[in-house]
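To keep things clear, I will list the structure first and then write my remarks on it.
The values are calculated or read from the model by the stated rules, or taken from the named source; none is laboratory data. Everything numeric in this text was worked out from a predicted model, so none of it was measured. Positions of Cβ are backbone-derived with ideal geometry, glycine not excepted, and every protein chain shown enters the neighbour counts.
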Amino acid sequence: MNLLNIGKQGLIANQNALATTGQNISNVNTDGYTRQRVNFDSLPALGGVEVSSIDRLADDLLTRQLWSDLSSYNQSSTFSTLTAQLDDLLAQQTTSVSDAMDKYFSSLQNVVDDPVSDPNRELFIAETEALVQRFNNLDANLRIQEANVNTMIDDYTSQISTLSENIADLNDKINIAVAANKPTNELEDQRDQVVNELSELVSINVLEEGNKNYSVFLANGQPLVVGATANQLISTPGDAVPTERSVKLVIAGNTTEVTDQLSGGKLGGVLITGMSH
């Protein structure tokens, strides 16, 4: 009877291990999936073996380094893209004011050299009007880029709020699973994937609390997510300059200005570009 019991337990335990292996193989191309490992414990009293746990093979240090690198890369990439657009606007011959100013001063010098020449006067007037038009066009293009930057800030703050809510919801689901003694590996994978997306938008610090919950903080220490509660990041017209965006964090109905304290990610790259304007 004891041998039958040992064999039965060994069969069940290894059947679970094979199922986990199959799960790993079938999800090899699944974004965010973390490979799992089955841990066995012996049963000295009754004899045999049992599955003690199924662990995610995730390295906490590497995961946090990934979040930091995603934030740094996306800030640099966004800043580079936006400043390249500005550089093109100022450097291209068709939009640059430097070329128009060269022609303006050249025509002015011709008028100075021969002030009674009607052609020189007419050319000077034409180049003056062209220079004014070039400045007007540059101003219009800069305003368009400023509007685009403001739209990006609105979009990114909205995305950050949505992702924060998703993390809080997954924290809640993990709490429920832990309380019911159910596996949470897939839920943790989903949450790490959401944190990846969040770190692409802004620099964050993540602390793992009890019951495997994540608390997520902005770089300045302000909380985005605490347990099953998510705070909202919003974009509003600036108090000093209404055409510029101000980013604020809403916590329990109280609003805190955080624009100058944000860094990293796409939002950080856009904010740096806006400040450089």
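Of the residues making up the range 86-96, at least one is modelled with pLDDT under 90, surrounded by 15 or more Cβ atoms within 10 Å (Cβ to Cβ) and part of a helix (DSSP H, G or I).
Do you know which residues across the range 168-187 are of a type in the set (Lys, Arg) and closer than 12 Å to Ile54 by Cα? Outline the logic, then answer.
First, the residues of the range 168-187 that are of a type in the set (Lys, Arg): 173, 182.
Residue satisfying the conditions is Lys182 alone.
Exactly one residue out of Ser98, Ser26 is of a type in the set (Ser, Thr, Tyr), touching a Leu at 6+ places or on another chain (Cβ under 9 Å), without any contact (Cβ under 8 Å) to a residue 40 or more places away in the chain and not assigned by TED's automatic domain parsing to the domain that holds Pro183, and it is Ser98.
The conditions of being surrounded by 11 or more Cβ atoms within 10 Å (Cβ to Cβ), among the acidic types (Asp, Glu) and farther than 26 Å from Val194 by Cβ are met by Asp41.
A quick yes/no check of all residues on (1) among the hydroxyl-bearing types (Ser, Thr, Tyr); (2) within 30 Å of Ser263 (Cα to Cα):
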| position | (1), (2) |
| --- | --- |
| Ser52 | yes, no |
| Asp55 | no, no |
| Leu61 | no, yes |
| Ser68 | yes, yes |
| Ser71 | yes, yes |
| Ser76 | yes, yes |
| Gln85 | no, yes |
| Thr95 | yes, no |
| Asp99 | no, no |
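Residue check: Ala45 meets all listed conditions (1) of a type in the set (Gly, Ala, Ser); (2) within 21 Å of the chain's Cα centre (by Cα); (3) in a loop (DSSP other than H, G, I, E, B) but one, namely (2). Restricting attention to the range 218-245, the residues that are in a loop (DSSP other than H, G, I, E, B), of a type outside the set (Ser, Thr, Tyr) and touching a residue at least 40 places away in the same chain (Cβ under 8 Å) add up to 6. Against the criterion of being in contact (Cβ under 8 Å) with a residue 60 or more places away in the chain, under 24 Å from Leu224 (Cα atoms) and assigned to a helix (DSSP H, G or I), Ala168 qualifies. Kindly indicate whether Ala219 is at pLDDT below 95, surrounded by 13 or more Cβ atoms within 10 Å (Cβ to Cβ), over 20 Å from the mean Cα position of the chain (by Cα) and of a type in the set (A, V, I, L, M). So Ala219 fails the test. Against the condition outside the structural domain of Glu208 (by TED's automatic domain parsing), in contact with a strand residue (DSSP E or B) (Cβ under 7 Å, 6 or more places away or on another chain), in a helix (DSSP H, G or I) and within 30 Å of Ser199 (Cβ to Cβ), how does Gln9 come out, does it pass? The answer is no for Gln9.
Being touching a residue at least 12 places away in the same chain (Cβ under 8 Å), assigned to a loop (DSSP other than H, G, I, E, B) and assigned by TED's automatic domain parsing to the domain that holds Ala252 is a description that applies to Val202.
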